[in-house]
Amino acid sequence: MKVSFPYMGTSHIAFSMLLRNLGHEPVVVKPTQKTLTLGTQYSPEFACLPFKILLGTYLEAIEKGAELILTSGGIGPCRAGYYGVLHQKIIDDLGLNAKIIVFEPPRNLSIFDLLNKINYVIKLNKIKWLDFIHYFKLGWQKLKALDEIENYVHKIRPYETNKGDTTQAFEEAQKILEKAQTKEEIEEALQAAKNVLDNVPQDKSRQPLKIGIIGEIYVVLEPFANHHVETVLGELGVEVHRSISLTGYTSNSFIKEGEQDVIKAAHPYLNQLIGGHGINSIGETVLYARHGYDGVVQLAPFACIPEIVAKGILPKVQKDLGIPVLTLFLDEQTGKAGIETRLEAFVDLLKQKRYRANVQDKLVAVNL
């Protein structure tokens, strides 16, 4: 059976391997402007950007023969929990023949609901549960390796001497990981991918700014949705740290009750879950301030209520902890040039702030 899923960052590499191991043919749709236009055409007017991009990828996947779409649910009072239902209704109204299965976190519903849905997918090709567990572990290992490589990229890019070398090396690293099919091969591929990145010519004398990325998970993880914010910042000489990874989010959503350190950090400013990643955006900003980061960029879909609430609280966090925050709201009207201009201005302000702090420290040292 041809099966598709949301395209988000590099995760398609791991998901495709898992589906092939389960006997399915993965249908991968990398979002483009055509995808967004298609999704916007059939979405409610005030649906958020992730809803529109996902709908566009599903429609393109169905054009390519996808009969089944696998996706995840949402947690708390956030519209993401209704995505699957609404996407299915739109697909049905268009007269298309495709089924969406939504995997809800077991702490939302009964664990048996999750197990029954997994059982449906694996029984289509008569896969045994023990085999599924083995294949799932391999997919998880590859997903963790992909997350690790992305974090590694963010540490290399601000030091590159030739603009674009890190991005090119990252593409090569992904291809290396994509070929790995066993536990041992994935471990070897991860080290080989790191070696490729280490070979990027670097100027280690630089002292890059450090910026944390917070916000709604889809627009944070998918470069198309955020106009490649991490690459832009890295090539401006910034070391980027992304607060969210897919493996981290999955662990916290399906296994644990959220990230307790983040929730605790947010508590003085926000002490209840508001859906999505709203409380995370507050707590992570507090933690970035404590860890000495120069600034934070919040990425939020336009009309995303949790991130709007967080944005209203962040000025208080910024004032108390002295960490500048730039909020970028994203929708189908957002242009790359505008994003780049705002990021360049933000980086310039952070450089001036650091320069003034260094001058002040020197004056204090002289007076002592």
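Nothing in this text is a laboratory measurement; each read-out follows from the coordinates by a stated rule. Predicted model only: the values in this text are computed from it and were never measured. Glycine also receives a Cβ, built like all others from the backbone with ideal geometry; neighbour counts cover every protein chain displayed.
Hey, if you drop one equal point scatterer on each alpha-carbon of segment 2-127 and run the Debye formula without solvent, what base-10 log of I(q)/I(0) do you get at q = 0.15, 0.20, 0.21 Å⁻¹? Result of the Debye calculation: -0.70, -1.24, -1.35. With the charge dipole of segment 166-280 set up from +1 on Lys and Arg Cβ and -1 on Asp and Glu Cβ about the Cα centre, the Cα lying farthest toward the positive end among the listed residues Ile214, Gln181, Phe170 is that of Ile214.
Only lysines eight or more places from Lys137 in sequence, or on another chain, were considered; those with a Cα closer than 23 Å are Lys2, Lys117, Lys123, Lys126, Lys128, Lys175, Lys179, Lys183, Lys194, Lys256.
Computed log10 I(q)/I(0) for segment 188-340 at 0.10, 0.16 Å⁻¹: -0.38, -0.94, from the Debye equation with unit scatterers placed on every C-alpha and solvent omitted. Counting Lys and Arg as +1 and Asp and Glu as -1 over every other residue whose Cβ lies under 13 Å from the Cβ of Cys304, the net charge comes to 0.
Beta-bridge orientation, the chain: approximately 5 percent antiparallel, per DSSP, counting only bridges with both partners inside. Counted over segment 192-241 with a bin width of 5 Å, the fraction of Cα pairs per bin, in whole percents, is 5, 17, 20, 22, 19, 13, 4. Highest average first, the peptides 59-71, 178-190 ordered by how many other beta carbon atoms sit within 10 Å of their residues are 59-71, 178-190. Taking other Cβ atoms within 10 Å as a rough exposure proxy, Cys48, Cys304 sort from fewest to most as Cys48, Cys304.
Each of Thr231, Thr32 was scored by other Cβ atoms within 10 Å of its Cβ. Arranged with the fewest first, they read Thr32, Thr231. What is the helix-to-structure angle for 83-93, meaning the angle in degrees between its Cα long axis and the longest Cα principal axis of the chain, kept from 0 to 90 and rounded to the nearest 10? The helix 83-93 is inclined about 50 degrees to the chain. Taking the chain as a Gaussian network, Cα atoms linked when under 10 Å apart, which of Ile100, Ile133, Ile53 shows the biggest mean-square fluctuation? Result: Ile133 has the largest fluctuation of those listed. What separates the Cα centres of segment 174-244 and segment 277-337 is a distance of 21 Å.
A Förster radius of 25 Å combined with the Cβ-Cβ distance from Lys2 to Lys126 puts the calculated FRET efficiency at roughly 0.90. Using equal-weight Cα scatterers in the Debye expression, the normalised intensity of the chain in log10 at q = 0.12, 0.13, 0.14, 0.15 Å⁻¹ is -0.97, -1.13, -1.31, -1.48. May I ask you to list the lysines whose Cα is less than 19 Å away from that of Lys311, ignoring any residue fewer than eight positions away on the same chain? Those lysines meeting the cut-off are Lys264, Lys319. The 3J(HN,Hα) values that the Karplus relation (6.51, -1.76, 1.60; θ = phi - 60°) gives for segment 315-329 are, in residue order, x, 5, 4, 4, 5, 5, 10, x, 10, x, 10, 10, 9, 10, 8 Hz. Gly and Pro appear as x.
In order along segment 121-134, the phi-based Karplus estimate (6.51 cos²θ - 1.76 cosθ + 1.60, θ = phi - 60°) of 3J(HN,Hα) comes to 5, 7, 6, 4, 10, 6, 7, 7, 4, 5, 5, 4, 4, 4 Hz; Gly and Pro are listed as x.
When each of the peptides 121-130, 219-228 is scored by the mean number of other C-beta atoms lying within 10 Å of its residues, the order from highest to lowest reads 219-228, 121-130.
Taking the fewest neighbouring Cβ atoms within 10 Å as the starting point, the ordered list for Val359, Val27, Val196 is Val359, Val196, Val27. Listed values for segment 8-23 are Karplus-derived 3J(HN,Hα) couplings in whole Hz (6.51 cos²θ - 1.76 cosθ + 1.60, θ = phi - 60°), namely 8, x, 9, 5, 4, 5, 6, 5, 5, 4, 4, 5, 4, 5, 8, x, and x replaces Gly and Pro.
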